[in-house]
1. Can you list residues from other chains, or at least 5 along the same chain, whose modelled amide H is less than 5 Å from the amide H of Glu198?
2. Within 10 Å, count the other beta carbons around each residue, average over each peptide in 229-236, 187-194, 510-517, and list them highest first.
3. Neighbouring Cβ atoms within 10 Å as the yardstick, rank Asp434, Asp225, Asp69 fewest first.
4. Decide, for segment 506-630, between rounded, prolate and oblate: order the square roots of the alpha carbon gyration tensor eigenvalues as a ≥ b ≥ c, take rounded if a/c falls under 1.5, and otherwise choose prolate if a/b is larger than b/c, else oblate.
5. Assign unit charges at the C-beta atoms only (+1 for Lys and Arg, -1 for Asp and Glu), then state the dipole size of the chain relative to its Cα centre in Debye, rounded to the nearest 20.
6. From zero outward in steps of 5 Å, how is the percent of C-alpha pairs of segment 311-410 spread across the bins?
7. ³J(HN,Hα) across segment 221-231 via Karplus (A = 6.51, B = -1.76, C = 1.60, θ = phi - 60°), whole Hz, x for Gly/Pro?
8. Percent of alpha carbon pairs in segment 274-351 separated by more than 18 Å?
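Where a number appears in this text, it was derived from the coordinates with a stated rule and is not lab data. Please read all numbers here as calculations on a predicted model, not as lab measurements. Note that we place each Cβ from the backbone using ideal geometry, even for glycine, and neighbour counts take in every protein chain shown.
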Amino acid sequence: MKLTRIGRAAALLAALMLTACGGGASTTASGPDPVASCDPANSATFDECGTVLIGFTDADGDFLNYTVDVLSLTLETANGRVVEVMPRKTRINFTDYVDVAELVTAAAIPPAVYVAGTIRLDYTDAEIYVEESEVAKKTVVTDNTGTPLGQTDLKIVLSDRDQLAVTKRRAHFLQLDFDLEASHVVDIAPTPATAVAEQFIVAEVHPVDEKDIRVRGPLIEVDEDGMSYTIAVRPFHDRAGDFGRFTVNVINTTEFEVNDEMFVGVDGLRALSAAGQGTPTVAKGTLTVTDRTFTADLVLAGSSVPGHDRDAIVGNIIKRHGNFLTIRGATIIPRAVSIDRRVHFHDDVVVEVGPNTRVFKDGYRLSSLTIDALSIGQRVTIRGNQPTPTTDALAPQILFDATEGAVRMHVTHLAGMVNTVMPGQTDITLHSIDRRRVAIFDFTGTGPSDVLDADPENYEVRTDNLTLADFSTGQPIVVWGYPTAFGMAPPDFTGRSVIDYTDVRSAMGVGWGSEGTLAPFSSMGTGGLVLNNQNGDIGQRHFIKQGPVLIDLTSLDSDTVIVPRETGRMLFSIKSQDSLRLYSDWDDFVGDLINSLGNGTTAARSMYAYGKYDVDTNTFNAYKLGIYLLEP
């Protein structure tokens, strides 16, 4: 395939790693020194520079919201020269990037082999929330001593086998993957809740996972003949700053929404050109591996961009009463950013819609939808007016007026267990919608009468011609699609794609307490690692998540075997307080692990893995695995 989606990986922020091709990490490297004539600020020497595209992403975790300030990001060459690649502070909510990566910067930098770097984070004004009893709870992130994190510098270590080698007049990609699941041990009992950071962060030149990428920024120019447009990159919801230039390519099927009007292909480019230079844009699409070109599937511009000339909220509809929608887990994007008007999280927002509310839908190129399409579970971005601004995430429900605004419906994710399979339909026990537990959703009114309302115990999913041959009763299932229009169920949901349990990505997390354990595995070898499931040091983290299913490792009849997957890219890491070693070769990784644990004085504190879990054989096929050692 020409286009591949930008991947995911693992972790929060305390070590950064570059994907290795069979070797461990190092801060030494061979390669050219930066070309002296390259001055990114000087247009006369700009052609002597290379470009590094840096994307941020995250893996699924326990957090409803995880917003911190990124103060700076630097890269360092082998001879110690440091290059800043982020021009200004930016604020990021990592939970927004489970299903997508965000282009953070397109920085012109001197050609060189970059071997290290530093990212500076500030938790002073962080907004971090977890869920307790279906509501949000404020959370404090601490280090292993219980000290709340403040401003923190985290070292980036790049592998000596797959370094970031930048050459002039070419674009190079580096993705930083913040895995909140692998990086924290969360305790919801205290108030506020606490999250102890066991910080992993992965930097990959060739990402293992695949994701869409999102690109934002004001328009510079449109090239109708070249089917592209150029922007000044401004990541997340930044309203100022220049994070580099970037070209967005479009094709004949690219969808555009420009100033609340729908277009396709070249007509969208013409509408964008008419909107003029400086028009805000957001594009989502894919990046070509070979030449780092980006092609958009969907482009929003002008008033269609959330927060441009109207306030906006993003979240899921959990309840509807007439024209009033309750949005849970909302991100509020104000039209003007100041100290008291900034992008922030709010647990519940009540939105009023009306006959004049425009309704759009990803993948639906017509504009004939009405507010009747808005039903329970639907993930939406709503543009309108927030009459009473607040940044208190737990304040009583606030009102949002979208009666003269617009709603965009996004693909919504279900997770559950198969009840029955029949031609064109599968009925499931619904566990979650967009990773929120089903208990928070009120399905009243989804059908024409009470008896026909959606039932989460037997949620009817229309599948049309999707392949269901591999599904059977009692198996986990993940479905992507859209809830049926309000009042029109059953069926309750129309699936665009379905994933059975054999293809659902499983996540394993194990912790052995603050002191760790000297015997995490009952055996280790190139044939696999056998986890000691009954180890007395195992703490509160000891589960495999397989779609909606949570499997307690300590309750299994046998020890779990961990093996590498048979094909595809892989990434394995060994982290300690002062070092980080990365491998794409399983044998090299296991050899290092045996040497590290074999002396009987090194303890393992925690481990995470991603891959596929075979329930029948109790075998975990990992493509990504990291272990944290407490070296003496």
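1. His184, Val185
2. Values: 229-236: 21.4, 187-194: 13.5, 510-517: 18.8.
Highest mean packing first, the order is 229-236, 510-517, 187-194.
3. Numbers: Asp434 19, Asp225 8, Asp69 16.
Lowest count first: Asp225, Asp69, Asp434.
4. Details: a/c = 1.58, a/b = 1.13, b/c = 1.41.
Here segment 506-630 falls in the oblate category.
5. Values: 52 positive and 83 negative charges, 228 e Å.
With only Lys, Arg, Asp and Glu charged at Cβ, the dipole is about 1100 debye.
6. Each 5 Å bin holds this share of Cα pairs: 3, 14, 27, 26, 17, 9, 4, 1.
7. Couplings: 7, 10, 10, 5, 5, x, 6, 7, 9, 10, 10 Hz.
8. Numbers: 1762 of 3003 pairs.
Tail fraction, whole percent: 59.
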